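This report concerns only the one structure given below.
No lab work stands behind these numbers, since they all come straight from the coordinates. The structure presented is a predicted model; accordingly, all values stated were derived computationally and were not measured. Every residue, glycine among them, receives a Cβ derived from its backbone with ideal geometry; neighbour counts consider all protein chains shown.
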Amino acid sequence: MKAILCGANGAMGKLIDGILGEEVIGRVSIDGENNVPKTFQELGIVPCDVVIDFSHHSAVSDVLAYAKAVGCAAVIGTTGHTPEEKELIYEAAGSIPVFYSGNMSLGIAVLCRLAKEAAAFFPDADIEIVEVHHNRKVDAPSGTAHMLFQAVKEVRPDAVAHCGRAGEGKREKNEIGIASLRLGNVVGVHEVHIYTGSQSLTLRHEAITRSMLAEGGVEAARFICGKPAGLYTMAQLLEEK
């Protein structure tokens, strides 16, 4: 596999670079440190199999434009995209293979599947989602929390996300509450609480180190290389495994 790495000087970029080694044939980073080009224009067209982006969601337009120009796949490992940026991702998937996930962890993919199955087994249960991250995270709820909500919504089409409770008013039956905590250096904790009145079930995933995201990003890149144009997620990767 021949990969271009966007966000190469960031924490995630360095982890992925360390895993892929010589398979990384081009790098881009907005800070320009370590003699890395700041832009794709500065890098120039480099034939490759995939562009892996772990920079910032605002770079998605440039990442997708470059992947389309080269004719390669794209792995979008950033979160917090605006509706307009998400539309760019969906449009690009019409001409190139695009891997897009709110979380690159295989463990989270399993958690989403389990949450969906549990919600189907307990159709009348109250379900709440809690996510905990470090105090520097800028978006809330996390992309992973949204993934978990969407997984539950697949079996509860009328479900509505209620992000952060405040004020007066009782909980509506179709609500899925999402609570966000920001504490110290927590890498990431996600919990799905299912309560029936007679019993409770808690599904929990804890990220020990950020290397799990880098490993997942590399798996996503290997998975998507050679695939036809389309939008791919961790669910498809999990099915193939």
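Structure notes:
- Taking the range 126-226 as the region of interest, the strands (runs of 3 or more DSSP E) fully inside it that hold 3 or more residues being surrounded by fewer than 21 Cβ atoms within 10 Å (Cβ to Cβ), touching a residue at least 40 places away in the same chain (Cβ under 8 Å) and among the aliphatic types (A, V, I, L, M) are 200-207.
- Checking each residue in the range 3-26 for being surrounded by fewer than 18 Cβ atoms within 10 Å (Cβ to Cβ), of a type in the set (D, E, K, R) and under 19 Å from the mean Cα position of the chain (by Cα) picks out only Lys14.
- Unique match (being more than 20 Å from Glu154 (Cβ to Cβ) and exposed (fewer than 14 other Cβ atoms within 10 Å of the Cβ)) among Ser95, Ser55, Ser29: Ser95
- Boolean, Lys116 is in contact with a helix residue (DSSP H, G or I) (Cβ under 7 Å, 6 or more places away or on another chain), under 20 Å from Ile224 (Cα atoms) and of a type in the set (Lys, Arg): no
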